[in-house]
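The values are calculated or read from the model by the stated rules, or taken from the named source; none is laboratory data. Quick caveat, the model's predicted, so the values are computed rather than measured. Cβ sites come from the backbone with ideal geometry, for glycine too, and all protein chains shown count toward neighbours. Heavy atoms of the whole protein, side chains included, go into the accessibility calculation; ligands, DNA and RNA do not. Shrake-Rupley method; radii C 1.70, N 1.55, O 1.52, S 1.80 Å.
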Amino acid sequence: MNAVGAGLLEYNALKELLGRYLSSPLGRKRLEALAPSSSREQLEQELAQTGEAIEYWKASSRPQPAVRGAAVRLRFDSLTDPADILAKLRIEGSCLEVKEILALSVLMDVSGDVRRVLASVAGRFPKLASVGQKLADFHSLPGELSSRFLPDGSVADHASPELSRIRREIERQRRLVQESLERFVERHRENGVLQEDFVTIRNDRFVVPVVAGRQRRIEGVVHGSSGSGHTLFVEPLETIELNNELVRLHEEELREVHRILLDATQRLRERCAAIQASAEALGELEWLFAKAAFAADFQCVLPRFSPEAPRRLYLKQARHPLLEDVLRRQGKRPVPVTLELNEQQRTLLVSGPNTGGKTVTLKTVGLLALMAQSGLPLPCQEAELPVFEQVLADIGDNQSIQESLSTFSAHVNRLRQMIEMADSGALVLLDELGRATDPEEGGALGTAVLEHFRRTGAFTLASTHLLALKAYGASTPGVLNAGMGFNEETLEPTYTLRLGAPGKSAGLEIAQRLGMPPELMEQARQRLTRQEQDIARFLAELDRRLEETARLAEELRKQKEALAARERALAKEWAERESAKLKEIDRRCRLALERFEAQARETIDRILSDATQKREAARAMRQVGRLKRELQQEMEVTVLAARDEARRGELEKPKIVEGARVRLKGLAEPAQVRRLLGEEKIEVQAGFMKLQVSADEVLEVLPPAETKKLPARISFDAAPLDAGAVREINVIGRHAEEACRQVEKALDNAVLAGVTRLRVIHGHGMGVLKRAVAELLTGHPHVEKFYPAEPHEGGAGATIVELKS
């Protein structure tokens with residue numbers, strides 16, 4: 001994969017972040033080799049292993065009994081990179097040092113432990129177990145080696161019988177030398193020859209300190225002097241042979257230690273390939289669990305790769321991991337991004353205020369694409385991406401004084417390179433396209449560049465402030481405008497990405513918030529052309545309406561969730577109530593059966609008391625047993641039938657049939673089903689309205705209402721059943737009196753139909769009808785409030801009436 005934009009997208013900084021979850025050089029080596037790939041098969045295999053590692057990580061984080069098959073948290077912090085040791089081990093005749101042997105021993109010991117743990121969970125985590133099978137089983141070798149060598153780098157006395165014997169001899173010889181020197185010191189303590197009364201070591205031989213100039217008074221060999229020259233270190237003649245024997249024993253010890261090290265080295269050399277494979281497998285496992293820890297820490301999901309056709313780029317609630325890491329330390333959370341591009345819309349144009357998050361949005365998409373193609377989990381709720389062959393980015397200021405490149409020159413140079421490299425398999429990210437030059441020329445250049453990438457078939461995301469590019473996005477098929485939110489009241493960006501419309505740049509507002517002098521800001525606003533002011537107002541109004549639409553959509557979603565939860569609670573309550581009823585029926589049946597059996601037994605006992613009736617009593621006994629069995633079977637059948645019926649009622653939703661009474665969303669009064677229009681739609685009568693609604697809008701199927709005959713003297717004149725007449729009335733061209741009568745009647749019909757909003761169209765004219773309607777509505781018992789309509793509903797030529805519920 002050609003990821004030439006990886007540096008601009010902070011891919012290396014991401015690797016540093018991932019490095020926090022690694023504790024050994026083996027895992028860090030895997031991290032250093034991490035790079036995006038375009039091999040779909042390899043990526044899917046890596047993500048499958050990562051997914052299993054995430055599940056293992058979650059299982060090991062939960063409390064669980066310490067039994068075989070439990071997911072145990074694996075540790076790798078005691079491991080070192082054995083590459084240099086193994087290279088030395090491959091040289092025939094070489095000898096490893098103790099610490100090198102101990103390092104390999106620890107690696108082999110961890111390898112065996114991890115292999116056994118993963119083998120025990122192979123049924124739940126087969127992919128991890130398959131990696132664990134690459135780990136060699138070294139049996140008792142690690143234990144034997146670690147027992148022969150001590151952590152300080154020395155060889156243990158029991159490493160061999162010969163070494164043990166030699167060290168006992170050394171200890172005995174050392175005592176002899178010590179005793180000889182102590183006797184020497186005792187003899188010469190009073191004659192002023194000794195500088196001090198102690199024994200020390202020089203050149204691996206035991207000596208005594210003698211006053212300089214007095215060494216001729218004793219026979220011996222001088223082995224050195226103190227730094228001041230006032231003391232000479234002399235080995236007395238009587239201890240020379242003893243010291244010689246001690247030196248010989250030390251040399252013998254060194255030879256035995258070297259032999260032991262050679263033996264251990266040879267045993268390790270025989271397992272060199274297995275140690276190498278185990279080290280690589282341990283590094284792979286540590287890397288998998290590091291990704292799992294990262295996924296748990298950043299609430300990540302595994303990405304899906306869309307098919308080669310049709311391709312799709314979809315990110316839901318995506319977050320930039322580096323930004324989230326920074327904000328966490330400040331006690332904040334990033335604003336997530338949701339977007340979707342597909343074969344029909346491959347280009348996204350992002351506009352909006354400065355410091356509003358446009359660049360972060362581009363970097364988030366680019367970095368998450370690189371992460372997905374590196375086999376990493378993504379910090380979002382859901383992700384689907386194509387497998388890109390290239391990720392190309394132009395983000396930031398690439399000017400260079402040394403190379404005589406201005407900002408614009410560097411920008412154009414980078415665009416030229418991207419145009420030469422891009423094809424249909426590329427992801428192109430362009431920050432502030434057409435910047436650093438005249439806006440008209442920059443807009444023309446940017447439009448041409450975007451059109452080239454669109455025709456190439458690449459997925460393209462670009463940010464801009466230029467009006468020409470916003471217009472291009474609104475008028476070109478396959479190009480989608482998006483805007484970053486801006487709060488007009490606080491003059492601050494909201495960092496929310498809204499698809500479907502461009503965003504307001506809000507440069508003057510941002511400058512005002514950042515403390516520019518008010519008089520300068522007023523002069524700047526006065527210099528704006530009328531067209532620029534109109535566009536700014538239009539974008540601000542569009543942004544406000546998009547925000548309102550998003551808020552209403554969120555409220556609707558919450559209401560749907562609350563309704564669904566209420567339905568589930570009612571179903572659960574009904575099921576519990578029915579279950580309790582069935583249990584009560586079963587209890588009563590068993591009580592009745594017990595009473596019957598007791599009464600039958602009493603009657604039979606009475607009969608048996610008469611000796612002449614024994615034959616009849618036996619026949620009665622058999623008959624009672626038969627009746628008891630029949631009664632018990634009948635009761636069981638009845639209870640089971642009632643239970644099955646209750647379960648069917650719980651699972652089956654009442655059917656909507658013609659003539660049924662139903663309750664609809666948004667209507668307070670029940671409606672009656674007139675006819676079924678297929679499986680998805682029905683026609684209902686709601687008051688005076690005939691409506692065609694979706695079957696999903698039916699909240700409840702009501703029981704039939706009791707019908708009462710009206711007295712013969714009462715007649716009923718149904719109002720027109722036109723839904724439009726109930727929700728809207730047009731009185732243009734009517735006299736004031738006639739218009740008021742029609743509005744009065746429309747108010748009554750609307751109330752009867754359960755409608756809560758009525759639009760009265762009276763036109764502009766001289767304002768006579770408008771005033772007459774206003775006087776009628778003022779204080780009307782059905783009217784909650786009224787006000788002029790929005791521009792798209794008629795403006796001042798219509799009045800919106802909200803009715804009391």
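The helices (runs of 4 or more DSSP H) found wholly in the range 1-65 and carrying at least 3 residues that are of a type in the set (A, V, I, L, M) occupy 11-19, 40-61. When the range 307-337 is filtered for residues that are exposed (fewer than 15 other Cβ atoms within 10 Å of the Cβ) and at negative phi, the ones remaining, listed by number, are PRO307, GLU308, ALA309, PRO310, VAL326, ARG328, ARG329, GLN330, LYS332, ARG333. ASN354 passes every criterion in (1) touching a residue at least 24 places away in the same chain (Cβ under 8 Å); (2) over 24 Å from GLY457 (Cα atoms); (3) within 20 Å of the chain's Cα centre (by Cα) apart from (3). Only a single item in (1) open to solvent by 30 Å² or more (accessible area, probe 1.4 Å); (2) on the phi < 0 side of the Ramachandran plot is not met by ALA292, and it is number (1).
Residues in the range 473-489 that are within 12 Å of PRO353 (Cβ to Cβ) and open to solvent by 40 Å² or more (accessible area, probe 1.4 Å) were compared, and the one that is modelled with the highest pLDDT is ASN487. Considering (1) under 22 Å from PHE298 (Cβ atoms); (2) at pLDDT 90 or above; (3) open to solvent by less than 60 Å² (accessible area, probe 1.4 Å), the lone condition that SER60 does not fulfil carries the number (2). When GLU790, GLU802 are checked against the criterion of being surrounded by fewer than 16 Cβ atoms within 10 Å (Cβ to Cβ), of a type in the set (D, E, K, R), out of contact with any Lys or Arg (no Cβ under 8 Å at 6 or more places or on another chain) and at pLDDT 85 or above, GLU790 stands alone in meeting it.
The set of residues in the range 749-782 being open to solvent by less than 60 Å² (accessible area, probe 1.4 Å) and on the phi > 0 side of the Ramachandran plot consists of GLY754, GLY763, GLY767. For ASN12, the criteria (1) over 24 Å from PRO126 (Cα atoms); (2) of a type outside the set (Lys, Arg); (3) touching a residue at least 12 places away in the same chain (Cβ under 8 Å) hold in every case but one, which is (3).
Once the range 531-554 is narrowed to residues that are farther than 21 Å from SER351 by Cβ and open to solvent by 80 Å² or more (accessible area, probe 1.4 Å), the residue that is modelled with the highest pLDDT is LEU552. Pick out the one residue from SER154, SER147, SER164 that is more than 22 Å from ARG68 (Cα to Cα), touching an Asp or Glu at 6+ places or on another chain (Cβ under 6 Å), open to solvent by 10 Å² or more (accessible area, probe 1.4 Å) and not aromatic (Phe, Trp, Tyr). The unique qualifying residue is SER164.
Considering the range 447-466, the residues that are of a type in the set (Ser, Thr, Tyr), closer than 20 Å to THR437 by Cα and outside any strand (DSSP E or B) include one that is most open to solvent (accessible area, probe 1.4 Å), namely THR447.
Would you say GLU389 is under 23 Å from PHE294 (Cβ atoms), surrounded by 15 or more Cβ atoms within 10 Å (Cβ to Cβ), of a type outside the set (A, V, I, L, M, F, W, C) and at pLDDT 90 or above?
No.
Count of the range 106-129 residues, restricted to those that are aliphatic (A, V, I, L, M) and more than 16 Å from TYR56 (Cα to Cα), is 4.
Taking the range 657-698 and the strands (runs of 3 or more DSSP E) fully enclosed by it, the elements with 3 or more residues that are farther than 19 Å from ALA564 by Cβ and open to solvent by less than 20 Å² (accessible area, probe 1.4 Å) are at 681-686. Looking across the range 81-120 at every residue that is among the polar types (S, T, N, Q) and surrounded by fewer than 22 Cβ atoms within 10 Å (Cβ to Cβ), the one that is farthest from the chain's Cα centre (by Cα) is identified as SER94.
The C-beta contact set for the range 198-211 (first residue farther than 15 Å from SER180 by Cα, second residue aliphatic (A, V, I, L, M) and part of a strand (DSSP E or B), distance under 6 angstrom, 6+ apart or interchain) comprises VAL210/LEU232; VAL210/VAL234. Restricting to the range 343-361, and then to whatever is in a helix (DSSP H, G or I) and crowded, with 24+ Cβ neighbours inside 10 Å, can you tell me which residue is modelled with the lowest pLDDT? Step by step, filter the range 343-361, then rank; the result is LYS358. Among the residues making up the range 157-185, those that are more than 16 Å from ARG248 (Cβ to Cβ) and of a type in the set (A, V, I, L, M, F, W, C) are ALA159, LEU181, PHE184, VAL185.
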